[in-house]
Amino acid sequence: QVRTINKAQRYSLVAYGFQNELKPVLIAESTTVPDAGKANVNVLNTSVDIGAVDVYLSATKDLSVSTLIASSIVGVSQSGFAGVLAGSYFVTVVGANSIAKGISDVRFQTPAAITLTALQVMTIILTPGASGVLANAIMLTQGTTGTAVSYLNSTARLRAVTAVAGMSSSVVGANTTGPVTLLASSTTPQYSNYFVVNTGAAPTVTVNGATVPVLMDSSTGPVAAVLAAGGDYTLMVYLDGSNAPTAKIIEDNNTAPVTSSGVKFRLINLASNNQGLQLSMSVNSISIASNIA
């Protein structure tokens with residue numbers, strides 16, 4: 001790609017994308033001096049996997065009192081600059097319009113408040129987490145003495161599905177503020193949306209009052225499930241061939257389809273009441289899965 005480099009203009013070159021398919025974006029650094037006592041901040045979203053997001057600054061992790069500095073920023077694009085009073089702020093990235101809809105959809109939050117100084121010019125660069133939707137961030141201070149500080153996401157996202165009809169089952173995880181109920185106790189099969197949870201140990205699954213170990217597959221066989229930072233996961237509760245409750249976590253790949261008009265499907269067979277039942281699925285006459293046990 002050809003880039004025009006102008007005289008007396010500072011630039012930052014940002015490499016993004018997959019390791020074997022890097023792409024560049026050239027940022028023309030702002031030469032507009034912030035108003036007295038303020039910093040200028042904008043956002044560059046480098047990932048179509050993250051999707052459209054809103055970015056807030058707030059004095060605490062709570063967004064009830066916060067400042068929206070970028071709205072519906074899709075990948076790959078950047079917002080205009082917002083003037084912000086110098087001070088310490090948490091940076092929080094959420095799904096576009098989720099706050100207005102009353103939906104919890106946090107994609108990233110700095111673990112501690114960052115300090116914005118008067119006359120500072122900063123670009124918040126968003127990059128995708130392991131499964132695509134959660135974000136990491138780089139705080140790029142513009143200028144000849146500017147710095148770039150990386151903040152990796154320390155959370156995961158988890159959803160749950162139960163397929164144990166007639167048995168009372170529940171799934172409860174945790175985040176930094178306390179317990180997170182993915183699925184309240186119910187005897188009816190159900191599924192949840194994604195919830196942001198702590199990394200490490202899997203949530204607690206109970207079926208008829210008994211705790212069920214949560215496993216995930218590995219190269220050596222089933223092991224205790226561990227949630228990694230930036231990952232999306234689905235927890236399935238179902239019955240094995242002996243009608244015993246089983247809980248297993250699988251990793252989700254929520255990166256965007258390779259074409260803008262594409263969608264991604266997969267088929268999971270939890271029909272534990274019929275172990276010999278094999279399922280197939282087609283979408284628009286295209287075979288997606290065949291003979292899934």
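Just a few scattered comments:
- Cα centroid separation, segment 82-101 to segment 1-37 (Å): 23 Å
- Working note: Debye formula, equal point scatterers on the alpha-carbon atoms of segment 1-110, no solvent; log10 I(q)/I(0) at q = 0.14 Å⁻¹ is -0.67.
- Dimensionless Rg over Rh [segment 227-280; C-alpha; Kirkwood]: 1.08
- Listed peptides 246-256, 188-198, 280-290 appear in the order 246-256, 188-198, 280-290 once ranked by packing, highest mean of other Cβ atoms within 10 Å at the front.
- All-pairs Cα distance distribution in segment 44-165, expressed in whole percent, bin size 5 Å: 2, 10, 21, 24, 20, 11, 5, 2, 2, 1, 1, 0, 0
- In the full protein context, the chain carries 53 Å² of accessible surface per residue, based on a 1.4 Å probe and ignoring ligands, DNA and RNA.
- One chain, two ends: residue 104 and residue 86. Fully extended at 0.36 nm per residue, the span grows by 3.7 nm beyond their Cα-Cα distance.
- Expressed to the nearest 5 percent, the antiparallel share of DSSP beta bridges inside the chain is 85 percent.
- Protection proxy ranking of 118-130, 168-180, 21-33 - average other beta-carbon atoms within 10 Å, highest first: 118-130, 168-180, 21-33
- Gain on full stretching of the segment that runs from residue 286 to residue 52 - 0.36 nm per residue minus C-alpha separation: 81.3 nm
- Surface/4 estimate of mean projected area, convex hull on alpha-carbon atoms of segment 200-251, nm²: 4.0 nm²
- Positive-end residue of 234, 291, 136, charge dipole of the chain with Cβ unit charges: 136
- Working note: Karplus 6.51/-1.76/1.60 with θ = phi - 60° gives segment 142-153 the couplings 7, x, 5, 10, x, 10, 10, 10, 8, 10, 8, 5 Hz, where Gly and Pro are set to x.
- Rounded to whole Å, sorted largest first: equivalent-ellipsoid semi-axes of segment 107-207, Cα gyration tensor: 40, 12, 9
- Around residue 85: net Lys/Arg minus Asp/Glu count, Cβ-Cβ under 11 Å: 0
- The chain, dipole about Cα centre (Lys/Arg Cβ +1, Asp/Glu Cβ -1), debye to the nearest 20: 400 debye
- Whole-Å semi-axes of the chain's equivalent ellipsoid (Cα gyration tensor): 42, 23, 15
- Only protein atoms count toward the accessible area here, which uses a 1.4 Å probe; on the chain, the carbon and sulfur part of that area reaches 54 percent.
- Translational diffusion coefficient of segment 150-287 (Stokes-Einstein, Kirkwood radius from Cα pairs, 20 °C, 1.002 mPa s): 131 µm²/s.
- Amide H partners (placed H, <5 Å) of residue 256, local residues excluded: 49
- Cα point-scatterer Debye curve for segment 84-151, base-10 log of I(q)/I(0) at q = 0.14, 0.26 Å⁻¹: -0.49, -1.20
- For segment 159-222, the fraction of alpha-carbon pairs in successive 5 Å shells from zero, as %: 4, 17, 25, 25, 16, 10, 3
The values are calculated or read from the model by the stated rules, or taken from the named source; none is laboratory data. The structure displayed is predicted, hence computed values, not measured ones. So basically every Cβ, Gly included, is an ideal-geometry build from the backbone, and we count neighbours across all protein chains shown. Areas reflect the complete protein model, heavy atoms only, side chains present, ligands, DNA and RNA absent. Shrake-Rupley method; radii C 1.70, N 1.55, O 1.52, S 1.80 Å.
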